[in-house]
Structures are given as C-alpha cells and as structure tokens.
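The block underneath contains the structure these notes are about, expressed in structure tokens.
Values in this text are rule-based calculations from the coordinates and carry no lab data. Since the structure is predicted, the reported quantities are computational estimates derived from the model, not experimental observations. Because the Cβ atoms are built from the backbone with ideal geometry, glycine has one as well, and the counts that use them run over all protein chains shown.
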Amino acid sequence: MNHKIQLPGTPPLFTRQAWTALLVCLLAIGLLAPVLNLIVPVGNTFHVSDYVIALTAKIMCYAICALAMDLIWGYTGILSLGHGLFFALGGYVMGMYLMRQIGRDGQYQSDLPDFMVFLDWKALPWHWWLSDSFVATVLLVILVPGVIAGVFGFFAFRSRIKGVYFSIITQAMTFAAMLLFFRNETGLGGNNGFTDFKRILGLPLATPTMRMTLFVLTGLTLMGFFVLARWLVTSKYGRVLQAIRDAESRVMFSGYSPLPYKLSIWVISAMMCGVAGALYVPQVGIINPGEMSAANSIEIAVWAAVGGRASLVGPIVGAFLVNGAKSWLTVTAPEFWLYFLGALFIVVTLYLPQGVIGLLDKLKRKEGTL
C-alpha cells in the first residue's frame, strides 16, 4: 500500500478576530486620530494634543524596528545588536533630501546646506547627487540599508558566524559607522547631523496637517509591515526560518541551505528599519550619529524581548510599553532610566522569557482550565 504523507497546510493569514482588530486600528489611525486632533477644539475632553500625536508617531517608528527585530531574532534566531545602523541610514537618506529642500532659506542663504558653507565646502559631494529627488530618496531609503546589510550578511552567514559572535560583530559594525559619521569629512553634518528642516515635497513641515499626514503614513506603514511579516512567517519560507532557529544543522541535513533564507530575512529586516528611520526624521526634526549608538540598537532588542518574541504583536506592544515608560521616566527621574531599562531586561529574561504576550497567553490558558 502507498501511504501518502499529509503535510500541514498553510494556516490562514489572520483569524476573523485579527482582521477585526486590524480594521479597528486602521479606523483609529486614519479617521479617529485626525478628527480628535484637527477637528475637536483644544480644551475639549476628547481633543488629542499635538504632543500625543508626535509621541505616538515616534513610537510607531520604533515599533517597525521592533517588528523587524522579531523577524530575525524571534523567528530566525539571529540576535542583531546593530539594527540602529539601518534605522539611522534610512534617516540620513531622508535627512539629506530634507536639507536640500531648505534651499536658500538657511542661515547663509546658499544652495549648499549651512554646515557645508560653515566648513567651506564649495560643492556637494558625490553621495548628495540624488538627494534633491524625492523618488530617488524613497528608493535609496530602501536600497542603502538593504545593500549594506546584504554585503555584511553574505560574508557573515557564509562564514557561519552565529550566536553571540554575530551579535558582537553587528555591534562593532554599528559603532564603527557611528565614528565614521561623526567626522566632518564625510559631508554628513558631523556630530550635529541634520536639523532645521522646513519642507517636504515643497510643503511646510511645521503644520498640523503635515504632522497628521506623517502620523497616518507611519501608522499605515506599520500595519503594512505587520501584514507582510505575518504573511512571511505563515508561509513555507517562514517555516524554514523557524526550523533554522530551532535546529539549523537538521535543516542542512534535510537538503536546505540556510544561507539564502538567513540572508534574505536579514536584508528585509534592515530595509524595514531604514523605512522606519526615514519616517522618523521629518517628525522629530533631527538625525545625528547618536542614533547609531550601541544603546539604541540594544533597546530595539529589549522592545522585542519585553513584548514577546516570535509573536509579531509582542514587539509592537513592547515598543509602546518601553518607550511610553521612557517618555514618563526621563521627565520625572531621568537619572534612573538606564537602570530601569537594564533591570527590565534582566527581569524579562529570567521570569518572562515569552514577554508580555506570552504571559497573557499563559493566563488565558489557566482561565480556560478552571
């Protein structure tokens, strides 16, 4: 008799409840938030302030990075301590475009950015040539982090560098890039970076309408990446990624080469961080080498760990929880923030290995057995 092996089918992309939750989020981002901020008058109980909108938009950019971290750490088992580099690269590409948009409205009334005039630059360096094109900027926001991640990842994964050694190398790469960007000779603003942005696509940045437009765009991008990530991890490709995470040697014995899988998800993750950085810069109004610091990259891993790895929703929740706490604590007791962050990571690692989402799932299962 011939016995056919029944392989597990592809699960649905989302359950009905999940689709409902996505629709609620879409309405909240695209309809409710604009109404409460732009139409409901200031002083009304239901008015949402500009500060809340700006803070939420910034955290949504961080949530994209946390989601990207979940794809490589939670689903593939690759812990990166250098994703802050890809976030900053996307931000710098967008910052170059925004600096060109200033035109002659700068302090020195020159076609060159003010910092170049101050440093006695006579012309734009070669890496600024496409910075006046918005279309080219959008492409470079994706391509620059992707290419750098691809080159680095190819040599690292081909050499089978993994575990803590890979994490240390990514952190060293980020630190080296930060030192490079601090130098004035790079033509990227040195330690001050880029700031004093005025326009995007010829429209002023400092208006409530533009602020809300960027907020909605950030929210839609986060939702789009969430759907993309869910599609990836529920596909055959995603199952191979999880197999690599759990037993890479067995994957190799089964006839799969881990290299293209690890490299592709690594590049996708870097591109997501680049897009997050590009959305972040026009909303906060500054980008400098400090965004490449080791602490920033470690924080991305903390967001994923606190929310819950290999859950997709967890890292987004973690980004909101940690950065919400950071916004409050850095105002009330700034000297304790780093201690709190370190203690939080230790507590989560020891007592909540599945994060907040894992804890909620455990509580639901206990309730179901009662």
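Set the Förster radius R0 to 45 Å, insert the Cβ-Cβ distance between Asp105 and Tyr339 as r into 1/(1 + (r/R0)^6), and round the FRET efficiency to 0.05. Efficiency computed from Cβ-Cβ geometry: 0.55. Taken as Cα centroids, region 101-142 and region 351-367 sit 50 Å apart, rounded to the nearest whole angstrom.
Restricting the calculation to Cα atoms, region 199-279 shows an Rg/Rh of 1.21 when the hydrodynamic-style radius is the Kirkwood one.
At 222 nm, what value in deg cm²/dmol follows for the chain if DSSP H runs of at least 4 each add -39500 (n - 2.57) and the sum is divided by all its residues, to the nearest 500?
Numbers: 13 runs with 237 residues, N = 370.
Mean residue ellipticity, 222 nm, calculated: -21500 deg cm²/dmol.
Size descriptor for region 122-184, Kirkwood hydrodynamic radius: 14.0 Å (Cα pairs only, one decimal). Could you give the angle, 0 to 90 degrees to the nearest 10, between helix 337-351's Cα long axis and the longest principal axis of the Cα atoms of the chain? Helix 337-351 sits roughly 10 degrees off the main axis of the chain. Converting phi to 3J(HN,Hα) with the Karplus coefficients 6.51, -1.76 and 1.60 and the offset θ = phi - 60°, region 122-132 yields 9, 8, 5, x, 4, 6, 9, 4, 9, 6, 8 Hz in sequence order, with x at every glycine or proline.
Over all distinct Cα pairs, what is the inverse of the mean 1/r for region 1-143, reported as the Kirkwood hydrodynamic radius in Å? List each step's numbers first, then the result.
Values: mean 1/r = 0.0494 Å⁻¹.
After inverting the mean inverse Cα-Cα distance, the result is 20.2 Å.
Residues in region 275-290 near a label at Leu55, defined as backbone nitrogen under 17 Å from the 7 Å Cα→Cβ point? Only 284 fall inside the zone, counting backbone N under 17 Å. Ranked by the mean number of other Cβ atoms within 10 Å of their residues, highest first, the peptides 38-50, 55-67 fall in the order 55-67, 38-50.
In the chain, the longest principal axis of the Cα atoms and the axis of helix 313-332 are about 50 degrees apart.
Would you mind counting up the charge near Gly91? Only other residues with Cβ under 13 Å from its Cβ, with Lys and Arg at +1 and Asp and Glu at -1. Walk me through the numbers on the way to the answer.
Values: positive: Lys58; negative: Glu291.
Here the charged neighbours net out to 0.
Working from Cα pairs under 8 Å separated by at least six residues, relative contact order for the chain is 31 percent. Neighbour counting of Cβ atoms within 10 Å sorts the residues Trp121, Trp73, fewest neighbours leading, into Trp121, Trp73. Rounded to the nearest 10 degrees, the angle from helix 294-307 to the longest Cα principal axis of the chain is 40 degrees. Using the alpha carbons alone, the radius of gyration of the chain stands to its Kirkwood radius in an Rg to Rh ratio of 0.99.
Listed by Cβ neighbour count within 10 Å, with the fewest neighbours leading, Glu299, Glu367 appear as Glu367, Glu299. Remark: relative contact order (region 72-210) = 35 percent; criterion is Cα-Cα distance under 8 angstrom and separation of 6 or more residues. For Lys58, the lysines whose Cα falls under 26 Å of its own Cα, not counting residues fewer than eight places away in the same chain, are Lys198, Lys326. For the options Leu139, Leu220, Leu279, a Gaussian network treatment of the chain with springs between C-alpha atoms closer than 10 Å singles out Leu139 as fluctuating the most. Taking a straight Cα-Cα cut-off under 28 Å and skipping sequence neighbours fewer than 8 places away in the same chain, the lysines within cross-link reach of Lys162 are Lys236, Lys262.
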